[in-house]
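*Asks:* The structure is given below, and queries will be raised subsequently.
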Amino acid sequence: MSGNSGYILVIVIGVIVLAGLTFMNLRKISRSTADLAQLKRRTLLWSEISLALFVLQFFFRDREGGFLLFFGILTLFTGAHYLGVLYYSRKKSN
């Protein structure tokens, strides 16, 4: 296996693991009876931080795109959590 295909394999495995974690967390949130306001603020904060790091890396990256890809995946992961918490908090308030 060459270095580039190993790199792609690690990225694919990482995305699958993060997607699984997101699915498990959102299933737990959907069954939760707790107030989701604090979790909504926390996930929004982490989504903003990961997006800021992604944008900084996008503008100041070197020739390699590894960190840009990492922060992009992190932004998608935290954004999915925020949107899930937002959806379930609105669903519970109605």
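*Asks:* Counting only C-alpha contacts under 8 Å and six or more residues apart, can you give the relative contact order of the chain as a whole percent?
*Replies:* Taking the mean separation of contacting Cα pairs over the length of the chain, I get 39 percent.
*Asks:* Let me make sure I get this right: for the chain, a, b and c are the square roots of the gyration tensor eigenvalues over alpha carbons, sorted descending. Under 1.5 in a/c it's rounded, otherwise prolate if a/b > b/c, else oblate. Which is it?
*Replies:* oblate
*Asks:* Let me ask something else about it. At a 1.4 Å probe radius, carbon and sulfur cover how many percent of the accessible area of the chain?
*Replies:* Carbon plus sulfur share of accessible area: 69 percent.
*Asks:* Hey, another quick one. Express in nm, to one decimal, how much length is gained between residue 5 and residue 31 on full extension, taking 0.36 nm for each residue of separation and deducting their alpha carbon distance.
*Replies:* Gain on extension, residue 5 to residue 31, equals 5.4 nm.
*Asks:* Decide, for the range 7-50, between rounded, prolate and oblate: order the square roots of the alpha carbon gyration tensor eigenvalues as a ≥ b ≥ c, take rounded if a/c falls under 1.5, and otherwise choose prolate if a/b is larger than b/c, else oblate.
*Replies:* oblate
*Asks:* Quick check on the chain: helices-only [θ] at 222 nm, where DSSP H runs of length 4 and up contribute -39,500 (n - 2.57) each and the sum goes over total residues. Nearest 500, please.
*Replies:* -31000 deg cm²/dmol
*Asks:* Compute the long axis of helix 3-31 from its Cα atoms, compare it with the longest principal axis of the Cα atoms of the chain, and write down the angle in degrees, 0 to 90, nearest 10.
*Replies:* Relative to the chain, helix 3-31 is tipped by roughly 0 degrees.
*Asks:* Taking 0.36 nm per residue of separation and subtracting the Cα-Cα distance, what length does fully extending residue 23 through residue 38 add?
*Replies:* 3.4 nm
*Asks:* For the Cα atoms of the chain, what angle does the longest principal axis make with the long axis of helix 37-60, in degrees from 0 to 90, nearest 10?
*Replies:* Here the helix axis deviates by roughly 20 degrees.
*Asks:* Still on this structure: Give me the accessible area per residue for the chain, probe 1.4 Å, as a whole number in Å².
*Replies:* 76
*Asks:* Another question, if that's okay. Against the longest principal axis of the chain, how steep is helix 66-93, in degrees 0 to 90 to the nearest 10, with axes from Cα atoms?
*Replies:* So the inclination is approximately 10 degrees.
*Asks:* Would you list, by chain and number, the aspartates and glutamates whose Cα falls below 15 Å from the Cα of residue 91, excluding same-chain residues fewer than 8 positions away?
*Replies:* Partners within reach: 35.
The values are calculated or read from the model by the stated rules, or taken from the named source; none is laboratory data. Worth saying up front: this structure is predicted, and the values here are computed from it rather than measured. Heads up: the accessible areas ignore ligands, DNA and RNA and are worked out on the full protein's heavy atoms, side chains in. Shrake-Rupley method; radii C 1.70, N 1.55, O 1.52, S 1.80 Å.
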